Structures are given as C-alpha cells and as structure tokens.
1. Quick one: count up the residues across region 48-78 that are at pLDDT below 95 and more than 27 Å from Lys102 (Cβ to Cβ).
2. Restricting attention to region 317-346, and to residues there that are within 14 Å of Val307 (Cα to Cα) and over 17 Å from the mean Cα position of the chain (by Cα), which single residue is modelled with the lowest pLDDT?
3. Within region 253-265, can one find any residue that is of a type in the set (A, V, I, L, M, F, W, C) and part of a loop (DSSP other than H, G, I, E, B)?
4. Just to be sure I understand, how many residues within region 199-227 are within 30 Å of Asp48 (Cβ to Cβ) and surrounded by fewer than 19 Cβ atoms within 10 Å (Cβ to Cβ)?
5. Can you tell me which residue is farthest from the chain's Cα centre (by Cα) among those in region 228-241 that are open to solvent by 20 Å² or more (accessible area, probe 1.4 Å) and not charged (D, E, K, R)?
6. Return the residues of region 112-145 that are open to solvent by less than 70 Å² (accessible area, probe 1.4 Å) and acidic (Asp, Glu); say none if nothing qualifies.
7. Would you kindly identify the strands (runs of 3 or more DSSP E) lying entirely within region 75-115 that contain at least 2 residues that are of a type in the set (Ser, Thr, Tyr)?
8. In region 146-162, which residues are surrounded by fewer than 17 Cβ atoms within 10 Å (Cβ to Cβ) and on the phi < 0 side of the Ramachandran plot?
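The values are calculated or read from the model by the stated rules, or taken from the named source; none is laboratory data. If you're wondering where the values come from, they're calculated on a predicted model, not measured in any experiment. FYI the Cβ positions are ideal-geometry reconstructions off the backbone, even for glycines, and counts take in every protein chain you see. Calculation scope for accessible area: heavy atoms of the full protein, side chains included, ligands and nucleic acids excluded. Shrake-Rupley method; radii C 1.70, N 1.55, O 1.52, S 1.80 Å.
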Amino acid sequence: MQVKDFHFDLPDDLIARYPLEKRSDSRLFCVDGNSGEFQHRQFFEVLDLLEPGDLVVFNNTRVIPARMFGEKSSGGKIEVLIERVLDERSALAHIRSSRSPKPGAELTMDGGLKATMVARHDDLFELEFDLPEGHLIEALEQFGHMPLPPYMKREDELFDRERYQTVYNEKPGAVAAPTAGLHFDAALLSKLEEKGVNKAFVTLHVGAGTFRPVKVDNIQDHKMHAEYIEVPENVCQAVRDTKARGKRVLAVGTTSVRCLETASKSGDIEPFFGDTDIFIFPGYEFRTVDLLITNFHLPESTLLMLVSAFAGYEHMMAAYTEAVEQRYRFFSYGDAMFLSKKTDSNVTGLTEKTVTSL
C-alpha cells in the first residue's frame, strides 16, 4: 500500500487545541470492524460496551516536561526536546538551532541548567547535564515545558502539566501523552471496576518519533522509531486468564496495542522489557487485542495505518470521512473511537517489524 492511500482532508478548525473541562465528556465514535457499522456515543458510555470479565489494558507512562529553550556558548538560540532519558544525568535529544552543536559544545537552558553535547547519534544528540545532585527528570520538572504536539500551534500552559497526563500515570519517561487514556477520569474507572471489568497496566514511553512523517511512498519501506516498553508477567497472566474465560482484551491506545502485540510475537504472550519498533499496517494478524480505544490520528501517519489494520482499511477511511462530516474533535485533546477487530477470514499473513528485547 502507498502512503497516499491514508490521506484525508482535515479542516483546521477540527483540531482540538484545548481539552474539554471534563475528561469523559468527549464523544465516542464506534466502528464495528466486521460490519463497518457506525455508532455515535459519548465517551462515558464505554461502560455499556464492556462486559464483566473483560480486561482493559492501560499505558501508565507519565509525560515529562521535555522541551527546553536556551543558547549555545556562541549565543545562538536553541530548542531542545528530550527524546529519552538515559540515566540520572544523560539524555538523547532533538536540538533545533541554526547550526548543530558539535561534541564538547556547552549549552545553557533558560533558568541556568547547563549541558554538554557528548555525541551525535543520527538525528539525536547525547547530552550530559551538569547536575550536582538530583535526577534529570527532577530538573526537567523545574526548567522544562510540556512538549505539546506541534499541531496544537500554541505554547504550553500551566494546566497542561496535569491535563496532558492520564489520571493513572505512574512512570515518568514519555515526551507525548498516550492520548486515548486522557478520556478516563477517576469516576469512570471506579464504575468499570464496580461492573467487574478488570484492568492491567503496561508501559510505553512515547517518543517524539510518534509525530515523524512517513517519508517513503510504499509503507513497507518505512522504518519505525523504537520506544521502550514494559509488559510484566502479571499483565501476561491477566491476558491469558481473560482469553481462557472467553472474554475480550481492550487496549487503551495504540501504545498499549504495540506493547501487547510485541509481547505476543511468538504466538503466546510473554513478559517483555526493552525496545520495540513494531510497525503494524493492513495485513497484520493481531494475536492479543480484541478491542481498541484510540483518538483520531494524523493523515498518512503510522497510527492511522495501525487502526486501519485493526478495524479494516475501508471501514477506517470511511469512518474518518464520517468523523469530519460529524465534526468530531481531532488529535490529542480531541474525541475518541471505540473499534472492534476485523476478523474476516481473508485477513491473513503477518505484517510487522520488530526488534528484540534488550
């Protein structure tokens, strides 16, 4: 398939630049992956779409204030976006400046935080920060800005510190939110528990590469960025128990899908700690995920390709046309979709790319 096959026209005024006041008040567009049937609901009605014994898998990553501004020793202005924290004082980062810093270059961020550029790794720069005490993540909390996606076209504001987080976030490390989870509030989570719906937590630290455009024509030529994931044994056992009872596994977000499907690449789900660059597009045979909650994605993006693999290409492209006509709110602070997996027998084969656990 070609990248252009995943294009759709999106009016700028449908991009949600601010969230709704109440998380669960978002709209929910439901798509049946087999029949292609559409339903238009409110997000809190997800409670009616799940059954006792179903398993909901969330990504518990926490977004760090990964964007900083500053200057080189020459006085040239820079913008730094942390891609991955390596240890207490080091990180890989994207740097935007008139001229790329060379190894040994000293950088000073607004507020006085200093760093040295140690080495370049393709598009990323390895930085070592001058921290007499404490952890880099603590310094980012003091000096950094929330890394809102570029399509929001606004500076981060104080409320974004928590609103651009899920209510169940736990492990700092992401530079973009697992946005499907932004719709869940404490009240809805409690109601799901009261209904007998089970939950489990995986971790995927979302990188800035999630917004990287696909620059090839044939989607199979695209190389996916790698992200760190954790799928512990208790999650694997919860999945096995759910399947044994004939119940369903719902992934909250494409990040949870990538975790579960990476851990299931052998056919049976097993614990996985390490990097994954799994690339899922139409033709992929899902091993674990039965249902998916996801936000609306960018045209020609790898995430749109993933959901097209899940619920069917024709169904998804028709759904996006319908979503534009019905004026759904798009992207991170927008509305959500509830998708059931396409299980037609003509969907066969394996379409993915992965790297093994570190």
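1. Of the residues in region 48-78, 0 are at pLDDT below 95 and more than 27 Å from Lys102 (Cβ to Cβ).
2. Checking each candidate, the answer is Thr343.
3. At the first step, the residues of region 253-265 found to be of a type in the set (A, V, I, L, M, F, W, C) are 257, 259-260, 263.
Going one step further and asking which of them are part of a loop (DSSP other than H, G, I, E, B), we end up with none.
Within region 253-265, not a single residue is of a type in the set (A, V, I, L, M, F, W, C) and part of a loop (DSSP other than H, G, I, E, B).
4. Going through region 199-227 one residue at a time, the tally reaches 1.
5. Gln237
6. If the condition is that a residue be open to solvent by less than 70 Å² (accessible area, probe 1.4 Å) and acidic (Asp, Glu), then Glu126 is the only one that fits.
7. On the way: elements: 77-85, 90-97, 106-109.
In region 75-115, 90-97 are the strands (runs of 3 or more DSSP E) which contain 2 or more residues that are of a type in the set (Ser, Thr, Tyr).
8. Within region 146-162, the first condition is being surrounded by fewer than 17 Cβ atoms within 10 Å (Cβ to Cβ), and the residues that meet it are 150-151, 153-159, 161-162.
Listed by number, the residues that qualify are Pro150, Tyr151, Arg154, Glu155, Asp156, Glu157, Leu158, Phe159, Arg161, Glu162.
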